[in-house]
Every structure is written in structure tokens, then in C-alpha cells.
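The values are calculated or read from the model by the stated rules, or taken from the named source; none is laboratory data. Quick caveat, the model's predicted, so the values are computed rather than measured. Positions of Cβ are generated from backbone atoms using ideal geometry, with glycine treated the same way; all protein chains shown enter the neighbour counts.
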């Protein structure tokens, strides 16, 4: 089934891509200079490419290690949902939630290992790649920085002190070990030489894709770019935040039980943005199908407010996080998140399912693995 889906995706994309893809460069050595490469701009695209189905990726960031039971429930529901509609989701796990699931809910790990979902990776505080927690990475030579980051992606992270526990595996390598496959995407937050070194570390460990932007930023004429041997995840626009209602930057899922829920409906937002894309790009010589990201965190389905771990690592101003706190951190800090009412949870899941169903019937649903296959 997976091979058939990849073949179908390849044939669909071929008219756009076959003449202007470049093979990904070999991951550079730790001391090599950072390179950002892109595929050549196409000389022209045929009229047929203007009518290709948009590509859409369902991204679920999984990070709620403070509520592993609730995380377990929604993860199993989401796998079932994607399978019911014959599509795949792209799940980005942190090492901390992976450890909680492996130790307390091994059924979740087995469910993913026996499914066709895509596994990716990301980090949260107090990982030193997270902005505001990077003091441990300052003042190193290039080689020292590379080795330090490699250690943080190999050994366990002490959540109270931020130090490494070399008696246990952790980081990217641990997530790969637990799921039995290398996570496909490994974002490298931070900037400058720290980001550069992190990308090289992830490439050396087996990651094939990274992020330079989250929800939008792909060049219209050059959708595929590489940095340090990894493909940059393309995303022309996303179905995550709504600004069209009142100009505020709001997440759609926070309004599914409100009186104006229809105005925030993610499927309508998706349809509207596709129509706008077609209006803006349909007459351009390099018109192409867009890459769309639908991003949500697993805890958004069942809790509201800040994440459960936020008050451990950040000063709190009501429900909003402020500046990072200094270590050691209080792991018993009051949980700033609140459980959603059952009817609110049901409304969010129903809206999400409507979007999955629409995408399965009308768009080309892809994960990072599928995008890599398209390029290859």
C-alpha cells in the first residue's frame, strides 16, 4: 500500500518536478562550512501543472509529558482517524514524551510501530537548542559545539537541571531506538552557528529533513531547498492560525465551541486559502500546486492554556509564559493548563476529522517521507 501511494504521488508530481530536481548533497563533515542549496528554477511548467492537487501535510507535535495518559488517548484516536481515511499523519515526538509512553504506555509505541504513520522529532525546554536555554552552548569551538549537541541527541536530558544523564539514552537517538526507525524531520531551533551545528548533527544521525520556517516561507519558483544535506520542509501556507475573523492571531481549535465556530472552521479556512493561492499564482509561468501544513499539538485537543510544563521553565504572567527561569527547575510547579470540557474536545476532533476527510477526498495528503520520495 505504501509503495503504491508513493508511486501515485510520484506520477502526479512528475510533470512539475522531473526536469528540475537536484539530488540532495552528502551530509557534510562536522567542521565543514554550512551550505544552503536549492534546485534549479524550472525553465517552464506545462499548463497541466497549474491544476495539480495541492499537497497537504497533517503535522502533530507530540510533547505533553506532563499528561501522558491524555496524550495516549488522543494519539491512538488520531492514528485510527488517519487510517480510517486512508492517509498518513506526521507525528513529531520529543524524547521526553517518548520516554513516558515507552515506560507507561507501550501500547502506543507498538501502535505506531505497526502503523504507516511517519515519525519525526522536535525539542522542548530545557533542551539547549530551545531559544533561551542555550547558555550551555556558548563559547565552544565548532568541534566542541558539534560534540556537545551530539551528546544531547544521544543521552538523556535531566529535566530538573538541564544536564546530561549519560547512563540513559536520550534525544533524537532515543526516539529512533524506541520507534525502530530514524525520525524523518529534525528541526534545529536557535540560529547562527548553533543552528548550523545542530543540522549537521541531525544529518549525521539519519534525519533527512529540517525546518527553516514553520507555517510559510517556501519560494514559489523554488519549492525545494537543501541545507547541510537535509531537505527544507516546504510549506506555502498553513491551516493553524486564523486572522481573517477579527485580525487577531488565533488558533482555530480554541473557537470550536463558541458561537462563531463556523468563522474559524479549519476546512473552510483551507478552502479559502487554496482559492487565494490559485488566484495569485494561476497565471504565473512557474505556477504549481502549493504545499500546505496543518499544524496542531496533541494537547490542543484536550487541554487549553499553556502547556503543562510551561510553568516549570518559564515565568508566568497569568496563562502566558514570560522569560525563561534559571535551573534548577521546580518539576512540581503548578500546572497552568486546564482540561477542556468533553463537548469542547468533541467539537475540536469533529472539526479536525472534517478537514482530514476533505483532504483525503480532494487533495494529495503527504508526510515528510512522501515529500522526500517526490524529490527523489
Has segment 162-171 got any residue that is closer than 23 Å to residue 192 by Cα and buried (at least 23 other Cβ atoms within 10 Å of the Cβ)?
-> yes
Residues (more than 30 Å from residue 85 (Cα to Cα), under 26 Å from the mean Cα position of the chain (by Cα) and not in a loop (DSSP other than H, G, I, E, B)) located in segment 313-355 = 313, 314, 315, 316, 320, 321, 322, 323, 324, 338
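Go through 322, 318 for me and flag whichever is modelled with pLDDT under 95, under 30 Å from residue 157 (Cα atoms), out of contact with any strand residue (DSSP E or B) (no Cβ under 8 Å at 6 or more places or on another chain) and surrounded by fewer than 18 Cβ atoms within 10 Å (Cβ to Cβ).
Values: 322 fails: out of contact with any strand residue (DSSP E or B) (no Cβ under 8 Å at 6 or more places or on another chain).
After applying the criteria, what remains is 318.
For segment 362-374, indicate whether the set of residues that are over 19 Å from the mean Cα position of the chain (by Cα) and surrounded by fewer than 22 Cβ atoms within 10 Å (Cβ to Cβ) is non-empty.
So the first thing to find is which residues in segment 362-374 are over 19 Å from the mean Cα position of the chain (by Cα), and the list is 362-363.
From what is left, the residues that are surrounded by fewer than 22 Cβ atoms within 10 Å (Cβ to Cβ) are 362-363.
The answer is yes, given that some residue of segment 362-374 is over 19 Å from the mean Cα position of the chain (by Cα) and surrounded by fewer than 22 Cβ atoms within 10 Å (Cβ to Cβ).
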Members of segment 254-268 found to be more than 15 Å from residue 294 (Cβ to Cβ) and surrounded by 15 or more Cβ atoms within 10 Å (Cβ to Cβ), listed by number = 254, 255, 257, 263
Quick check: is even one residue across segment 242-252 touching a strand residue (DSSP E or B) at 6+ places or on another chain (Cβ under 8 Å), in a helix (DSSP H, G or I) and either more than 18 Å from residue 358 (Cα to Cα) or in contact (Cβ under 8 Å) with a residue 12 or more places away in the chain (or both)?
-> yes
Failed item, numbered, when residue 85 is tested on (1) surrounded by fewer than 21 Cβ atoms within 10 Å (Cβ to Cβ); (2) touching a helix residue (DSSP H, G or I) at 6+ places or on another chain (Cβ under 6 Å); (3) over 17 Å from residue 367 (Cβ atoms) | (3)
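State all residues of segment 189-211 that are in a loop (DSSP other than H, G, I, E, B) and modelled with pLDDT under 95; if no residue qualifies, say none.
First pass over segment 189-211, keeping only residues in a loop (DSSP other than H, G, I, E, B): 189-191, 206-208, 211.
Correct list: 189, 190, 191.
Being assigned to a helix (DSSP H, G or I), buried (at least 20 other Cβ atoms within 10 Å of the Cβ) and either in contact with a helix residue (DSSP H, G or I) (Cβ under 7 Å, 6 or more places away or on another chain) or in contact (Cβ under 8 Å) with a residue 60 or more places away in the chain (or both): is that true of residue 66 here?
Details: assigned to a helix (DSSP H, G or I): no; buried (at least 20 other Cβ atoms within 10 Å of the Cβ): yes; either in contact with a helix residue (DSSP H, G or I) (Cβ under 7 Å, 6 or more places away or on another chain) or in contact (Cβ under 8 Å) with a residue 60 or more places away in the chain (or both): yes.
No; evaluated as a whole, the condition is false for this residue.
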